[in-house]
Amino acid sequence: MSELLNTSEVFASDPSGLLRGLHRQPVLAVLRVSERQQAQHQLNLLVEAGLRHVELAVALTPAWVELAIELRQSFPSLRLGAASVRCLKGLAAAQSAGLDYVVSPILEPDLLAKAQQAGITLIPGVYTPSEVARAQALGAPAVKLFPASSLGPSYWNSLAGPLSPLPYCIAAGGLSALDARLWLESGVDAVALGGSLFETSQGPQQPLQLRPGLTALLAWLEQRANGDLLSG
């Protein structure tokens, strides 16, 4: 597992403070929201479970910006960011919504540079050792290993020898709350959970519910954090 940068380096590369926020609870939810009522219901379920960090997949429409602003104001206890940002228009949408961190599925140098200039934390997507090294050279505060499920939990730690020190890593893509603990124990620093979080709706009379695993995962992380504090 990577070490957090020192204070001055964190401030420079992660102006949003995202990595510090993930230190105690290294889990992010990724939602694709378009309809207000469903988005509010999903976020209410995540708040009730105790989750703190949520990414909203960007849509390049004024309606998405308005919805993201409303959700940010309605859920002050959540740390909301933007997901699936692949272009400068997506970065601009995140800025307009007041979101101070963004996550991308790709490594795009121009996008990373623009985010750095704007004082926004951007986490680029990587898959290969070359992309990991390139992201580090470009000053990325962390990387998103994507799609992680196709690589397996041991992949990230296998890069430690040739690429040490590894950057902070968020594993994403095809992961569930039930296998997230294995990934965290295998060397990644955080996990992002998407479509696996909620039960598929069975109709208007069956409200969306969380799938099993998230509450137990968050409880385990809280115990781990408390143990770290006591041992320190």
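Give me the residue from the range 178-201 that is in a loop (DSSP other than H, G, I, E, B) and either aliphatic (A, V, I, L, M) or touching a residue at least 60 places away in the same chain (Cβ under 8 Å) (or both) and, out of that set, farthest from Gln42 (Cα to Cα). Applying the filter and picking the extreme gives Gly187.
The conditions of being in contact with a helix residue (DSSP H, G or I) (Cβ under 6 Å, 6 or more places away or on another chain), surrounded by 14 or more Cβ atoms within 10 Å (Cβ to Cβ) and either modelled with pLDDT of 95 or more or of a type in the set (A, V, I, L, M, F, W, C) (or both) are met by Ala180.
Taken over the range 34-60, residues that are farther than 18 Å from Val103 by Cα and of a type in the set (Val, Ile, Thr) amount to 1.
A quick yes/no check of all residues on (1) among the hydrophobic types (A, V, I, L, M, F, W, C); (2) over 16 Å from Ser104 (Cα atoms); (3) not in a helix (DSSP H, G or I):
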position	(1), (2), (3)
Gly21	no, yes, no
Gln25	no, yes, yes
Ala29	yes, no, yes
Val33	yes, yes, yes
Gln38	no, yes, no
Asn44	no, yes, no
Glu48	no, yes, no
Val54	yes, no, yes
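For Gly17, the criteria (1) at pLDDT below 95; (2) under 19 Å from Ala180 (Cα atoms) hold in every case but one, which is (2). In the range 212-232, the residues that are within 12 Å of Leu51 (Cβ to Cβ) form Cβ pairs under 7 Å with partners that are of a type in the set (D, E, K, R) and at pLDDT 90 or above, at six or more places apart or across chains, as follows: Leu217/Arg181. Given the condition among the hydrophobic types (A, V, I, L, M, F, W, C) and either assigned to a helix (DSSP H, G or I) or surrounded by fewer than 19 Cβ atoms within 10 Å (Cβ to Cβ) (or both), answer yes or no: does some residue in the range 97-107 qualify? Yes, the conditions are met somewhere in the range 97-107. All conditions in (1) at pLDDT below 95; (2) more than 14 Å from the chain's Cα centre (by Cα) hold for Gly195, with the sole exception of (2).
Determine whether Ala59 is more than 20 Å from Val126 (Cβ to Cβ), touching a residue at least 12 places away in the same chain (Cβ under 8 Å), in contact with a Ser or Thr (Cβ under 9 Å, 6 or more places away or on another chain) and part of a loop (DSSP other than H, G, I, E, B). Considered against the rule, which asks whether it is more than 20 Å from Val126 (Cβ to Cβ), touching a residue at least 12 places away in the same chain (Cβ under 8 Å), in contact with a Ser or Thr (Cβ under 9 Å, 6 or more places away or on another chain) and part of a loop (DSSP other than H, G, I, E, B), Ala59 comes out as yes.
The values are calculated or read from the model by the stated rules, or taken from the named source; none is laboratory data. Keep in mind that this is a model prediction, so the values were computed, not measured. With ideal geometry, Cβ positions are generated from the backbone for all residues, glycine too; neighbour counts draw on all protein chains shown.
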